[in-house]
1. Roughly speaking, to the nearest percent, how much of the chain's 1.4 Å accessible area is carbon and sulfur?
2. Under the √(5λ) rule applied to the eigenvalues of the Cα gyration tensor, what semi-axes describe the equivalent ellipsoid of the chain? Give them in Å, descending.
3. Over region 29-86, what relative contact order in percent results from Cα pairs under 8 Å that are six or more residues apart?
4. On the full set of protein chains, 1.4 Å probe, figure out the accessible area of residue 53 and give it in Å² to the nearest 10.
5. Explain nothing, just the number: dipole magnitude of the chain about its Cα centre with +1 on each Lys and Arg Cβ and -1 on each Asp and Glu Cβ, in debye rounded to the nearest 20.
6. Residue 87 to residue 50: extension gain in nm, 0.36 nm per residue of separation minus the Cα-Cα distance?
7. Under a crude label model (7 Å from the Cα following the beta-carbon direction), how far is residue 42 from residue 17 in nanometres?
8. Have a look at the DSSP beta bridges in region 1-73 and tell me what percent are antiparallel, nearest 5.
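The values are calculated or read from the model by the stated rules, or taken from the named source; none is laboratory data. Because the structure is a prediction, the values reported are computed rather than measured. Methodologically, a virtual Cβ is constructed for each residue, glycine included, from the backbone with ideal geometry; neighbour enumeration extends over all protein chains shown. Remember, those area values only see protein heavy atoms, side chains included, never the ligands or the DNA or RNA. Shrake-Rupley method; radii C 1.70, N 1.55, O 1.52, S 1.80 Å.
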Amino acid sequence: MLTLTENAGTVVSDLVSRASETDTAGLRIQQGDNRFDIAIAEAPGPSEVVVEREGARVFMDAPVAQVLDEMTLDAVITPEGDIRFALAPQL
């Protein structure tokens, strides 16, 4: 299953808390054109997989969860304030 680094958990929690006031909100990862797209979602869909780390929630449908099964999501904030997400194989 997808895991989140501590940094990713902090960034996801911060993004979601700024965009939503609901307890069920999280970051949704979706399949885009030759990439993954992300968006803030108020709640997971009925068939979505939910990954949690210390309050950070990530939602994805089963095909995306299968592709990301043995990956780790990381996040960094650049000096300019941009957020960069990266995926790497789990160690």
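1. Values: 2900 of 5820 Å².
The computed percentage sits at 50.
2. Values: eigenvalues 64, 58, 31 Å².
Semi-axis lengths for the chain are 18, 17, 12 Å.
3. Values: 52 pairs, mean separation 13.1, N = 58.
It rounds to 23 percent for region 29-86.
4. So the heavy atoms of residue 53 present about 80 Å² to solvent.
5. Values: 6 positive and 16 negative charges, 14 e Å.
Result for the chain is approximately 60 debye, rounded to the nearest 20.
6. Details: separation 37, 0.36 × 37 = 13.32 nm, distance 1.70 nm.
Stretched out fully, the residue 87 to residue 50 stretch lengthens by 11.6 nm.
7. Label-label distance for residue 42 and residue 17, simple model: 2.2 nm.
8. That works out to approximately 75 percent antiparallel.
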